[in-house]
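Written out below as structure tokens is the structure these notes cover.
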Amino acid sequence: MEQDLQARLDAQDKKLADIYVSIEKARKYFLWTLIITIITIVLPIVALAFVLPWFIKTISSAYSLGM
């Protein structure tokens, strides 16, 4: 009886270790997904906030000199 209980506990320990490894892989996947999302969406929006005023100034000055 006690050996059966110990075998079940050992099997549960192994399954918990496997679950932990799986969860850590999922956590790393979500972390890298977040990082890539920030790089591909947020950084271009921030860059646009700096580039757009310069671009508008350049275009408006080019048209105002021609008139």
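Of the residues examined, Val21 is one that is part of a helix (DSSP H, G or I), over 17 Å from the mean Cα position of the chain (by Cα) and not small (Gly, Ala, Ser). Does Thr33 satisfy the condition of being in a helix (DSSP H, G or I), exposed (fewer than 10 other Cβ atoms within 10 Å of the Cβ) and of a type in the set (Val, Ile, Thr)? No. Checking each residue in region 4-13 for being among the charged types (D, E, K, R) and surrounded by 10 or more Cβ atoms within 10 Å (Cβ to Cβ) picks out Arg8, Asp10, Asp13.
Values quoted throughout were computed directly from the atomic coordinates according to the rules given, and no laboratory measurement underlies them. What you see is a predicted model; the values in this text were computed from it and never measured. Positions of Cβ are generated from backbone atoms using ideal geometry, with glycine treated the same way; all protein chains shown enter the neighbour counts.
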